[in-house]
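Undergrad: Handing you this structure, nothing more for now.
The values are calculated or read from the model by the stated rules, or taken from the named source; none is laboratory data. This one's a predicted model, so the numbers in the text were calculated from it and none came from an experiment. As a convention, Cβ positions derive from the backbone with ideal geometry for all residues, glycine included, and neighbour counts pool all protein chains shown.
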Amino acid sequence: MRGWGIALLLAVCLVASAAVVRASHKPIYKSSTDVLEPGTWEAHFVWLRSDYFNYMGQVWWQTYVAGPGLIDLLFLDLENFYAFRDGRPYQTIVPPLGPATDGAQYASDLSGDLPYFLIIRNAGSVTVHVTWTIFAEIDWRRWQGAPPGPSLNLTIERASGPLQNGSSWETTFDAPAVYVYHCIPHIDMTGIVEVVPGNASSIPVAVQIHDMGFHPEVIRVPVGSTVEWTNHDGTNHSVNLGILPGGFVLIPAGGAPLSAVLGLGALAAAPAVGLLLFLRRRARAAEGSSKKPERNWKERVDDE
């Protein structure tokens, strides 16, 4: 029995080591810092491509709360994201993480047909500043200089042009559609605007640009709504909206599953992976990466 125990321990260590090696080659998909009031949440989407021969369908995410506060992490497919947003019962792809001050998780065998959503929710009683990073294996179009998303040839339907610090741009959506957008030159800054039928007339919706990200990143608005983007970063950003042909198409009940489960190997590797991601985040901060926030935009506004 002792021999079997040693063999099992070695197997677990090998699985963890292999996962760490794989993680070391994963590109950063995107990252930013959320400022969340108690009880509020933000969604950040991951959209992979499944038509590449080396597609792995693997996603890692890491979060870190600066100062006091607790968060919950939920990773959902599109159908369950709708249920979560509408207040209906939902099911996560991996076991929810939290309440916690930080954490790292992993999911594999994901479909590339629809987006997945990482929900970061303030589970405490104080405002939290949570820095998050999403890694993906494999978002191959990043290597080609194109933004993450559903289609390599996504046509830009409307764009803001460069936005300096303090500048804003707005546009009104007059027909149902799904827009996937990104910043130029920061192609890993992405967002979704889902325009649904309704009787609204120019309802204003504000999207703040800070810490190299769009906040909120995923919004749903009725036809007739006006969305305004305001840049609070010290560097120029832009909004480039492309229409997703056909919008979101959910897989019918009984069809191919949208979600995957967290495997035993990922569970065994979680502590080692968490340490790796933590060290990578520290290393990127020391290198002065463009993803490191200059200062939180709310703190800059308060100082002024």
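Undergrad: Restricting attention to segment 59-79, does a residue exist that is in a helix (DSSP H, G or I) and touching a residue at least 60 places away in the same chain (Cβ under 8 Å)?
TA: Taking every residue of segment 59-79 in turn, at least one turns out to be in a helix (DSSP H, G or I) and touching a residue at least 60 places away in the same chain (Cβ under 8 Å).
Undergrad: Within segment 158-176, track down each residue that is modelled with pLDDT of 95 or more and on the phi > 0 side of the Ramachandran plot.
TA: Within segment 158-176, just Gly166 meets the criteria.
Undergrad: Inside segment 152-201, can you point out the residues that are farther than 13 Å from Ile243 by Cβ and of a type in the set (Gly, Ala, Ser)?
TA: Matches in segment 152-201: Ser160, Gly161, Gly166, Ser167, Ser168, Gly191, Gly198, Ala200, Ser201.
Undergrad: Continuing with the same structure: When Leu48 is evaluated against the numbered criteria (1) more than 12 Å from the chain's Cα centre (by Cα); (2) outside any strand (DSSP E or B); (3) modelled with pLDDT under 95, which criterion, by number, is the only one it fails?
TA: Failed condition: (1).
Undergrad: In addition: What are the residue pairs meeting all of these: first residue in segment 146-163, first residue under 15 Å from Gly112 (Cβ atoms) and surrounded by 15 or more Cβ atoms within 10 Å (Cβ to Cβ), second residue of a type outside the set (A, V, I, L, M) and modelled with pLDDT under 90, Cβ atoms under 7 Å, and 6 or more apart or on different chains?
TA: Pro148/Tyr29; Pro148/Trp47; Pro148/Asp139; Pro148/Arg141; Pro148/Arg142; Pro148/Asp188; Gly149/Trp47; Pro150/Trp47
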